[in-house]
Amino acid sequence: MNTSLPRVAVLASGRGSNLAALLAAREQGELPVDFVLVGSDKAAAGALRLAEAAGIPTLALDPRSYPDRRAFDLDLFARIAASGAELLVLAGYMRILDGDALRPWVGRMINIHPSLLPKYRGLHTHRRALEAGDHEHGASVHFVTAELDGGPVIAQARLAVETGDDEHRLAQRLLPLEHRLLPAVLRLLASGRLQWDGHAPRFDGQPLPAPLILSDHGLGDPDLPLAE
Ligand code: GAR
């Protein structure tokens, strides 16, 4: 463990391609953080194998071993705190979190969600965007609050829907943008440029009136200098 770097824990339920993007960014020197724990609610999650291969401690907890959601989440968050993590990233973590259990992490926990929030909270976001006839789809990274997929949005990546997109193709085309978006936001949070003032995000000390947008040049806003 390199104690001089911000300590980050990651939760993931699935294959872990967003985790892989975080690890790659760190390897390339673009994300100066120390990953102290990767946890999952699924012992078979690919994300856990990726973490093991990278030498990061892992944690797999089975929700069925707990009486209820709150008990599971309280134990999970206690173990994350014990890892020394200061920041927490949900990278494809597919469980709803208990509001009381997550409260100590508000402002220090971000989630990536495959839609242009506030559109399409919850599941099947690509299908719902197509069914609605949207011309634009995307992904959002937001601070996690007790409201499911409802915390303040920090940054978004936008993608034009193409003729021929089905649910699978749209998801596949969005994923590379997710893989740029999540490390870029974590980098801002870890560096202190992005902060939580108790209610809302602040970027370089200023309120963030609208989500930062991912472009070829990094994260930015038409009215703000590029963050990278
Ligand atoms: C990603 O598309 C992520 O945006 C989504 O799960 C996928 C995980 O893929 N997250 C959610 O739907 C959260 N509500 P990965 O395991 O390859 O990173």
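Scanning region 135-154 for residues that are open to solvent by 80 Å² or more (accessible area, probe 1.4 Å) and within 14 Å of the ligand (Cβ to nearest atom) turns up Glu147, Leu148.
Checked against the criteria, Leu90 does not count as out of contact with any helix residue (DSSP H, G or I) (no Cβ under 8 Å at 6 or more places or on another chain), within 28 Å of Pro176 (Cβ to Cβ), without any contact (Cβ under 8 Å) to a residue 40 or more places away in the chain and among the aliphatic types (A, V, I, L, M). For region 174-195, give me each residue that is surrounded by fewer than 19 Cβ atoms within 10 Å (Cβ to Cβ), more than 16 Å from the ligand (Cβ to nearest atom), at negative phi and of a type outside the set (S, T, N, Q). Answer for region 174-195, where residues must be surrounded by fewer than 19 Cβ atoms within 10 Å (Cβ to Cβ), more than 16 Å from the ligand (Cβ to nearest atom), at negative phi and of a type outside the set (S, T, N, Q): just Arg193. Only one residue in Ala200, Ala171, Ala132, Ala157 is surrounded by 23 or more Cβ atoms within 10 Å (Cβ to Cβ) and more than 12 Å from the chain's Cα centre (by Cα). Which one? That would be Ala157, the only listed residue that is surrounded by 23 or more Cβ atoms within 10 Å (Cβ to Cβ) and more than 12 Å from the chain's Cα centre (by Cα). Pairs meeting the criteria (first residue in region 114-125 and free of Cβ contacts under 8 Å to residues at least 40 places away in the same chain and small (Gly, Ala, Ser), second residue within 10 Å of the ligand (Cβ to nearest atom) and in a loop (DSSP other than H, G, I, E, B), beta carbons under 7 Å, at least 6 apart or on different chains) are Gly122/Leu148; Gly122/Asp149. Selection of region 203-224 for residues being under 20 Å from Gly138 (Cα atoms), surrounded by fewer than 19 Cβ atoms within 10 Å (Cβ to Cβ) and not charged (D, E, K, R) yields Pro209, Ala210, Ile213, Ser215, His217, Gly218, Gly220, Pro222. Against the test of being within 13 Å of the ligand (Cβ to nearest atom) and touching a strand residue (DSSP E or B) at 6+ places or on another chain (Cβ under 6 Å), the options Leu50, Leu117, Leu37 yield a single qualifying residue, Leu117. Of all the criteria given as (1) open to solvent by 20 Å² or more (accessible area, probe 1.4 Å); (2) within 13 Å of the ligand (Cβ to nearest atom); (3) closer than 27 Å to Arg108 by Cα, the one not satisfied by Arg127 is (3).
The values are calculated or read from the model by the stated rules, or taken from the named source; none is laboratory data. Fair warning: this is a prediction, and the values are worked out from it, not measured in the lab. Don't worry about glycine lacking a Cβ; one is built from the backbone with ideal geometry, like all the others, and counts go over all protein chains shown. SASA here: full protein model, heavy atoms, side chains in, ligands and nucleic acids out. Shrake-Rupley method; radii C 1.70, N 1.55, O 1.52, S 1.80 Å.
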